[in-house]
Amino acid sequence: MHTEDELFKVRAMLWAEINGARAAERFWDKVNKHGLIRVEDLGPCWEWTGALSKGGYGNVTIKQKTMGTHTVSYAMHHPSLGSGEQVNHKCNFRGCVHPKHLYAGTKK
């Protein structure tokens with residue numbers, strides 16, 4: 001679980017690298033935006049094609065810190081997480097980084 005402060009740090013690291021453009025480009029280059037539709041109302045998952053954890057979550061290393069790709073995607077598109085919240089998937093696919101498929105919630 002990542003705290004609000006950690007998410008802001010990740011956002012800052014992503015966008016600070018070469019004016020933000022290069023880091024974001026490298027991230028999105030590893031995303032297949034034409035993935036399977038797992039929940040009809042949500043549309044296709046954006047599947048991470050890079051490194052995966054043993055649990056099936058996408059991983060990316062930013063400034064020598066390994067982060068879940070769903071957490072990084074959420075941090076790029078949302079202002080913060082509340083206390084005790086984590087990033088969850090509406091689509092139930094751990095490799096999805098589609099910002100519309102992600103939400104802040106508690107452990108299920």
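Read the figures in this text as sums done on the coordinates, not as results from a lab. In this text the structure is predicted, and so the values were computed from the model without any measurement. All Cβ positions, even for glycine, are placed from backbone atoms using ideal geometry, and neighbour counts span all protein chains on display.
Neighbours of C91, meaning other residues whose beta-carbon lies under 13 angstrom from its beta-carbon, give a summed charge of +1 when Lys and Arg score +1 and Asp and Glu score -1. Maximal additional length on extending the N59-R26 stretch stands at 10.6 nm, based on 0.36 nm per residue less the C-alpha distance.
Which residues in segment 64-81 have a backbone N closer than 18 Å to a point placed 7 Å from the Cα of R38 along the Cα-to-Cβ line? Of the residues in segment 64-81, 68-75 have backbone N under 18 Å from the label point off R38.
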